[in-house]
Structure formats: structure tokens, C-alpha cells
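Asker: Structure provided below as C-alpha cells; questions to follow.
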Amino acid sequence: MNAATVGVICSIVFGALGFIIAYLTFQRNKKKDDAEEGQSRGVMASDIGYIKAGVDDLKRETRDTRTAVGELNERVTRVEESCKQAHHRIDEIRDDK
């Protein structure tokens, strides 16, 4: 074998080794990227669930607050009516004197 043949064989072998190493590196990085993407999606889904639960809590609190305000409106109306009747009675007492 002459030097040219050895050079060609070495080039082919090293080229094939380079291709194999590049392919294995690509596969390793692809698995790593897939794992990171899965973790990222899991975190995002968890965060969305947390936000959704927070919104549901706010809706429930708003509903409860709305109910409480409605009850207070009724009570204030009754107090105003009672106060108005009391003022009429006071005016009648003053007029009688």
C-alpha cells in the first residue's frame, strides 16, 4: 500500500467517525432538549392551574361580597325608614307642645 491509499482510507475512516460522533451528539442534545421542554411545559401547566385557582377564588369572593353588599343595602334601607318614622314622631311630639 502506498501513502495515497493509506491517506484515503484514513480520511474515510475519520470522516465516518466524525459523522457518527456528530449523530450521537445530536441525539443526546435532542433528548436533553426534549426533557427541558417537557419540564418547561409542566411548570407552565402548573402555573396556569395556580392562576386558574386564584381567579376562581376571586370570583367566589366577589360573589360573597356582592351578597354582603346586597344585605347591607337592605339593612340601610330599613334603618333609613325607621329613622324617617322616628323623625315624624319627634315632629308630632314637638307640634303637640
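The values are calculated or read from the model by the stated rules, or taken from the named source; none is laboratory data. What you are looking at is a predicted structure, and each value in this text was computed from that prediction instead of being measured. Glycine gets a Cβ as well: all are built from the backbone with ideal geometry, and neighbour counts include every protein chain shown.
Asker: Restricting to the range 15-68, what's the tally of residues that are within 23 Å of the chain's Cα centre (by Cα) and aromatic (Phe, Trp, Tyr)?
Answerer: 1
Asker: For the range 1-21, name all the residues that are loosely packed, with under 10 Cβ neighbours inside 10 Å, in a helix (DSSP H, G or I) and either at pLDDT 90 or above or not small (Gly, Ala, Ser) (or both). Lay out the reasoning, then the answer.
Answerer: Taking the range 1-21 as the starting set, the residues that turn out to be loosely packed, with under 10 Cβ neighbours inside 10 Å are 1-5.
Going one step further and asking which of them are in a helix (DSSP H, G or I), we end up with 3-5.
Matches in the range 1-21: THR5 only.
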